[in-house]
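Peer 1: My questions will all concern the structure given below.
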Amino acid sequence: MYPFLRRSLAACALLASLALPAAAQQFPNRTITVIVPFAAGGPTDTVARLTAEAMGRDLGQTVVVENAGGAGGTIGSQRVAQARPDGYTLLLHHIGMATAPTLYRRLAYDPVGGFETIGLITEVPMTLVAKKDFPATTLQEAVAVIRRQREALNYANAGIGAASHLCGLLLMKAVDTQMTTVPFRGTGPAMQELLSGRIDLMCDQTTNTTEQINSGAIRVFAVTTPQRVEALPNVPTSTEAGLPDFQVTVWHGLYAPKGTPAEITQRLSRALQVALRDPRLVQRFAELGTAPVAQAQATPEAHRQFWLADIAKWRPIIQAAGQYAD
Ligand code: ASP
């Protein structure tokens with residue numbers, strides 16, 4: 001290359017880097033915290049811990065996970081929406097980001113405008129599971145028990161707008177009956193109650209149920225996806241089991257508070273993309289019945305588009321049901 005051209009290119013690069021705020025240039029130079037808006041030990045927490053660890057390797061900094069469960073994920077979301085927009089406090093949340101803007105009409109934060117998107121992570125199938133001695137072995141038998149016992153059955157969820165809540169609504173609509181819903185700060189603690197038999201039924205991500213199903217600790221009736229899940233080869237789909245309308249998957253994404261500089265969200269997005277190719281993460285996701293999204297989905301733009309489309313998809317469904325969180 002001609003020396004003068006090399007010099008002017010170097011000068012351009014220097015000018016570009018001077019244009020970045022100092023904080024963005026040095027990012028990250030300390031620990032990053034990812035808030036999970038559900039209890040520890042649950043499926044969203046599991047996805048967050050695997051993702052945080054792999055991102056930390058690329059960023060050269062520790063990425064810690066902190067749990068702030070409650071109110072269907074809105075407590076943790078509020079914490080991030082109101083955090084300093086410097087890239088050091090992030091939110092890893094799921095489909096609840098698409099339902100909260102309609103379900104919760106009185107929030108102390110802006111559930112859409114309060115966030116920058118970083119990238120999508122994974123779309124996780126759900127499973128309808130029951131305590132080990134639930135008196136049914138197939139979905140059809142389970143439906144008959146639900147219709148017979150109705151409110152005498154305890155159905156666990158992680159609060160209004162949580163994936164387990166949406167899945168429960170779909171199930172109750174499909175079988176046209178009600179059960180008693182018991183809310184938890186997350187389905188990690190709910191799983192403990194299912195294992196001990198105090199909860200009868202739950203619908204939850206495979207990232208929380210696969211190992212318990214495969215060890216025989218709980219019963220499973222169906223996966224809520226059109227295709228079977230590789231980690232659960234013997235579990236029928238809801239369609240195979242006779243309830244084709246009982247379908248839902250749980251997408252997860254990473255967010256930063258509104259106003260976080262684009263250079264920082266782009267850096268985080270690059271780290272997320274690297275993390276989603278990490279063989280350890282890919283293998284663990286597979287063992288838990290899921291897979292990372294395609295690389296192009298792990299970008300701020302694709303994530304925002306997907307999120308806004310999902311808000312628009314859920315709004316009329318929630319409005320027609322007329323059930324709000326307040
Ligand atoms: N699976 C939960 C839900 O129902 C949340 C969790 O604990 O990760 O949304």
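Peer 1: Scanning the range 309-326 for residues that are assigned to a helix (DSSP H, G or I) and free of Cβ contacts under 8 Å to residues at least 40 places away in the same chain, which turns out surrounded by the most Cβ atoms within 10 Å (Cβ to Cβ)? Break it down into steps so the answer makes sense when it comes.
Peer 2: Looking only at the range 309-326, we keep the residues that are assigned to a helix (DSSP H, G or I), and these are 309-321.
Applying the additional criterion that residues be free of Cβ contacts under 8 Å to residues at least 40 places away in the same chain yields 309, 312, 316-317, 320.
Numbers: Ala309: 11, Ala312: 11, Pro316: 10, Ile317: 13, Ala320: 8.
Among them, the one singled out is Ile317.
Peer 1: Here's something else I'd like to know. Tell me, which residue of the range 75-97 that is of a type outside the set (Val, Ile, Thr) and either within 12 Å of the ligand (Cβ to nearest atom) or outside the structural domain of Thr260 (by TED's automatic domain parsing) (or both) is nearest to Arg185 (Cα to Cα)? Explain how you work it out, then say what you get.
Peer 2: Taking the range 75-97 and keeping what is of a type outside the set (Val, Ile, Thr), we get 76-79, 81-88, 90-94, 96-97.
Add one more test, that the residue is either within 12 Å of the ligand (Cβ to nearest atom) or outside the structural domain of Thr260 (by TED's automatic domain parsing) (or both), and what stays is 76, 92-94, 96-97.
Details: Gly76: 11, Leu92: 15, His93: 14, His94: 15, Gly96: 14, Met97: 16 Å.
By that ranking, first place goes to Gly76.
Peer 1: Run Ser8 past the list (1) part of a helix (DSSP H, G or I); (2) modelled with pLDDT of 95 or more and report the number of the one that doesn't hold.
Peer 2: Only one criterion is unmet by Ser8, namely (2).
Peer 1: Of the residues Thr239, Thr299, which is away from the ligand (no atom under 16 Å from the Cβ), among the hydroxyl-bearing types (Ser, Thr, Tyr) and either more than 21 Å from the chain's Cα centre (by Cα) or surrounded by fewer than 16 Cβ atoms within 10 Å (Cβ to Cβ) (or both)? Give the steps one after another, and end with the answer.
Peer 2: Details: Thr299 fails: either more than 21 Å from the chain's Cα centre (by Cα) or surrounded by fewer than 16 Cβ atoms within 10 Å (Cβ to Cβ) (or both).
So the residue among Thr239, Thr299 that is away from the ligand (no atom under 16 Å from the Cβ), among the hydroxyl-bearing types (Ser, Thr, Tyr) and either more than 21 Å from the chain's Cα centre (by Cα) or surrounded by fewer than 16 Cβ atoms within 10 Å (Cβ to Cβ) (or both) is Thr239.
Peer 1: Here are some conditions: (1) surrounded by 24 or more Cβ atoms within 10 Å (Cβ to Cβ); (2) farther than 20 Å from Ala217 by Cβ. Asp176 meets all but one. Which one does it not meet?
Peer 2: Among (1) surrounded by 24 or more Cβ atoms within 10 Å (Cβ to Cβ); (2) farther than 20 Å from Ala217 by Cβ, the lone unmet condition for Asp176 is (1).
Peer 1: List every residue pair whose Cβ atoms lie under 7 Å apart, where the two residues are 6 or more positions apart in sequence or sit on different chains, the first residue falls within the range 131-144 and is at positive phi, and the second residue, located anywhere, is part of a helix (DSSP H, G or I) and at pLDDT 95 or above.
Peer 2: Filtered contacts from the range 131-144: no entries.
Peer 1: Could you check the range 210-236 and list, in sequence order, the residues that are touching a Phe, Trp or Tyr at 6+ places or on another chain (Cβ under 7 Å) and within 16 Å of the ligand (Cβ to nearest atom)?
Peer 2: Across the range 210-236, the qualifying residue is only Thr224.
Peer 1: It is to be established whether one or more residues within the range 93-106 are surrounded by fewer than 19 Cβ atoms within 10 Å (Cβ to Cβ), touching a residue at least 12 places away in the same chain (Cβ under 8 Å), over 19 Å from the mean Cα position of the chain (by Cα) and over 28 Å from Gly289 (Cβ atoms).
Peer 2: If we filter the range 93-106 for residues that are surrounded by fewer than 19 Cβ atoms within 10 Å (Cβ to Cβ), which is where we start, we get 105-106.
Adding the requirement that they be touching a residue at least 12 places away in the same chain (Cβ under 8 Å) leaves 105-106.
Now restrict to residues that are over 19 Å from the mean Cα position of the chain (by Cα): 105-106.
Narrowing further to those that are over 28 Å from Gly289 (Cβ atoms): 105-106.
Checked against the condition, which is being surrounded by fewer than 19 Cβ atoms within 10 Å (Cβ to Cβ), touching a residue at least 12 places away in the same chain (Cβ under 8 Å), over 19 Å from the mean Cα position of the chain (by Cα) and over 28 Å from Gly289 (Cβ atoms), the range 93-106 yields at least one hit.
Peer 1: Please go through the range 23-72 and give me each residue that is of a type in the set (D, E, K, R) and within 15 Å of the ligand (Cβ to nearest atom), ordered by number. Full working, then the answer.
Peer 2: Initial filter on the range 23-72 (of a type in the set (D, E, K, R)): 30, 45, 49, 53, 57-58, 66.
Asp45, Arg49, Glu66, listed by residue number.
The values are calculated or read from the model by the stated rules, or taken from the named source; none is laboratory data. Just so you know, these numbers come straight off a predicted model, no measurement behind them. So basically every Cβ, Gly included, is an ideal-geometry build from the backbone, and we count neighbours across all protein chains shown.
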